[in-house]
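Worksheet: one structure, shown below.
The values are calculated or read from the model by the stated rules, or taken from the named source; none is laboratory data. If you're wondering where the values come from, they're calculated on a predicted model, not measured in any experiment. Backbone-built Cβ (ideal geometry, glycine too); neighbour counts: all protein chains shown.
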């Protein structure tokens, strides 16, 4: 089939500085021949072909930050939505994203079978609502090319620029102005650079760092992974910057360096900040006099807007936020690029239409079933979840639409606006033989996170036989938060899940989120013994029974979790926020904890020294965690946890809390214990 019309259209797009998606559907010989003809006639020499990837995206970092003429995926060889979204940013103007698709790519999708939950991953293929939606939206989006064995469709672009596109050869005026502002900030504090893909963010970061290095300023840079900094390091090498003065530290390792006083005089740069949890950013940012955050809020590292919704607002409220800068003009292609428009509409719907939703008298909840016709509904749901969660990725939309184990619950007001959303995963009800294999480490069935954790890490196999729902994501539009809508949605779910034994959630723990689940009467079942690599935070599992006949099983799970928590307080959990530690301990009844009351009282009244009383003080504090949370302020709780629970050195605790030394610290602790004992007597 002739590709003359396609090539003419592509030449016009190149003149205008644009790119486009090309979808070719048919049997393999046909679709490959059409793709190869287009590549040859366009004289594209630098591209990514279906042979580049096998079944994984492990080589993706080799292409990030590079410029290519085209990226070509075939659905029967390798097509990963996250990888596709990542590599689209590498396509330069005049290039294209080529998707070659089998005739039955919608009806017999195989691209996500391996990631489906057990037992659905034993199927060979399944119907894809996501791909049906993709095909329909592509047919209606300007600048897209669709070719099959019967017809060719080229969607015209309604408004064409009047002048040809010229790609900048150096830093643009906007970039230079931003470098000038940030190379030597007038005020120490927090600065943000926001930009979509292809806006030159990495180049600006490199230019800023180059200026700092000239003044012998030590720079610490962190990112979710070092591969995110490919373009950044490319420009540093081009400009011959002394890399010895630029130190990369992984996020989880950075939290371990916070006690080093030398960090105070260094500049911290956080790239891809939106892909990191706000709690982690809080813990690291205040240790540096200047912090520059750079981020996109959509793309391969995460589509979440939690950074804007939470962390930036908190900095502004505390008067620590200095400036937010935006890079809006693309560098690699012209404005209004058809490929970028298509990508944002089909794969990354990120703008919620109901951001300013007004509270209605009644919000109704329902489980919504995937449907390729409901474009706006699913765009709103995905956008809402993206804005509330930092780790939402493009492929999450495909899982939401295609996975038979996922359910989506929405809350709508009287005007039909989606004001809340909750993504649920059906888990558990595992066969006895499979559970045994999980316990012995022989199997890790997809899609059963909570049963697998409990069976393998707690040794309680009965729990994996129960049928549960895991809350994967839950979000409410910003204007309606703190009105108990999320709580009402959970209660609705409890009332409308007759065949479910429990509801659970697993997340990177911080005090605010943990408190939400505790207030909704969820029980802490387990805290991980290893911090998450990307965040430095520990995962926690919370469970609420819907079938009270299983209370004995949950009690057993919770007690095992408490034993592990108590055992690791002074080792694994030394860097956990003290407020979170007390929150964890305060959830449990500690009637079975024994301690020598005379030693505790003796310490409070100066007759017993700290180290003689410390084992019993530890037991006493764990047994009275709820009282401690009620009676002591944040600083008092922190100091008590540091010495008694985490068993840190006295000199270290004294210095960190502005006390003169061990003597004053011990005196302070005696007063706290005395206060608690007096409160117990008055109850």
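Quick rundown of the values:
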| read-out | value |
| --- | --- |
| Selection status of residue 21, touching a strand residue (DSSP E or B) at 6+ places or on another chain (Cβ under 6 Å) and modelled with pLDDT of 95 or more | yes |
| Some residue of the stretch 299-313 being modelled with pLDDT under 75 and either on the phi > 0 side of the Ramachandran plot or more than 24 Å from the chain's Cα centre (by Cα) (or both) | yes |
| The stretch 440-449 - residue that is touching a residue at least 24 places away in the same chain (Cβ under 8 Å) and not in a helix (DSSP H, G or I) and, of those, surrounded by the most Cβ atoms within 10 Å (Cβ to Cβ) | 448 |
| Qualifying position, being outside the structural domain of residue 531 (by TED's automatic domain parsing), at pLDDT 75 or above, touching a helix residue (DSSP H, G or I) at 6+ places or on another chain (Cβ under 9 Å) and under 24 Å from residue 312 (Cα atoms), among 267, 241 | 267 |
| Members of the stretch 322-343 that are part of a helix (DSSP H, G or I) and either in contact with a strand residue (DSSP E or B) (Cβ under 9 Å, 6 or more places away or on another chain) or at pLDDT below 90 (or both) | 338, 339, 342, 343 |
| Among residues of the stretch 645-659, those that are touching a helix residue (DSSP H, G or I) at 6+ places or on another chain (Cβ under 7 Å) and closer than 19 Å to residue 579 by Cβ, counted | 4 |
| Scan of the stretch 423-434 for residues that are surrounded by fewer than 20 Cβ atoms within 10 Å (Cβ to Cβ) and either on the phi < 0 side of the Ramachandran plot or outside the structural domain of residue 538 (by TED's automatic domain parsing) (or both), ordered by number | 426, 431, 432, 433, 434 |
| Wholly enclosed helices (runs of 4 or more DSSP H) of the stretch 547-608 bearing at least 1 residues over 35 Å from the mean Cα position of the chain (by Cα) and in contact (Cβ under 8 Å) with a residue 60 or more places away in the chain | 597-604 |
| Residue in the stretch 287-297 that is assigned to a helix (DSSP H, G or I), touching a helix residue (DSSP H, G or I) at 6+ places or on another chain (Cβ under 7 Å), outside the structural domain of residue 380 (by TED's automatic domain parsing) and modelled with pLDDT of 75 or more present | no |
| Out of 452, 437, sole residue that is buried (at least 17 other Cβ atoms within 10 Å of the Cβ), out of contact with any strand residue (DSSP E or B) (no Cβ under 6 Å at 6 or more places or on another chain) and under 15 Å from residue 118 (Cα atoms) | 452 |
| Which listed residue is surrounded by 15 or more Cβ atoms within 10 Å (Cβ to Cβ), out of contact with any strand residue (DSSP E or B) (no Cβ under 9 Å at 6 or more places or on another chain) and under 30 Å from residue 525 (Cα atoms), from 594, 578 | 578 |
| Residues (in a loop (DSSP other than H, G, I, E, B) and in contact with a helix residue (DSSP H, G or I) (Cβ under 9 Å, 6 or more places away or on another chain)) located in the stretch 1-40 | 1, 2, 3, 18, 19, 26 |
| Positions within the stretch 476-493 being crowded, with 17+ Cβ neighbours inside 10 Å and either in contact with a helix residue (DSSP H, G or I) (Cβ under 7 Å, 6 or more places away or on another chain) or within 27 Å of residue 562 (Cα to Cα) (or both), in sequence order | 476, 477, 478, 490 |
| Qualifying residue in the stretch 380-403 (condition: in a strand (DSSP E or B) and either buried (at least 23 other Cβ atoms within 10 Å of the Cβ) or at negative phi (or both)) | no |
| Residue in the stretch 526-548 that is surrounded by fewer than 23 Cβ atoms within 10 Å (Cβ to Cβ), out of contact with any strand residue (DSSP E or B) (no Cβ under 8 Å at 6 or more places or on another chain), modelled with pLDDT of 95 or more and assigned by TED's automatic domain parsing to the domain that holds residue 430 present | no |
| Strands (runs of 3 or more DSSP E) contained in the stretch 63-170 and holding at least 3 residues at pLDDT 90 or above and within 33 Å of the chain's Cα centre (by Cα) | 68-74, 91-101 |
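Here's the yes/no breakdown for (1) modelled with pLDDT of 95 or more; (2) assigned to a helix (DSSP H, G or I); (3) under 16 Å from residue 578 (Cβ atoms):
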| position | (1), (2), (3) |
| --- | --- |
| 615 | yes, yes, no |
| 621 | yes, yes, yes |
| 628 | yes, yes, yes |
| 638 | yes, yes, yes |
| 643 | yes, yes, yes |
| 666 | yes, yes, no |
| 670 | yes, yes, no |
| 678 | no, yes, no |
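A quick yes/no check of all residues on (1) buried (at least 18 other Cβ atoms within 10 Å of the Cβ); (2) in contact with a strand residue (DSSP E or B) (Cβ under 6 Å, 6 or more places away or on another chain); (3) in contact (Cβ under 8 Å) with a residue 12 or more places away in the chain:
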site	(1), (2), (3)
99	yes, yes, yes
107	no, no, yes
120	no, no, yes
123	no, no, no
134	yes, no, yes
150	no, no, no
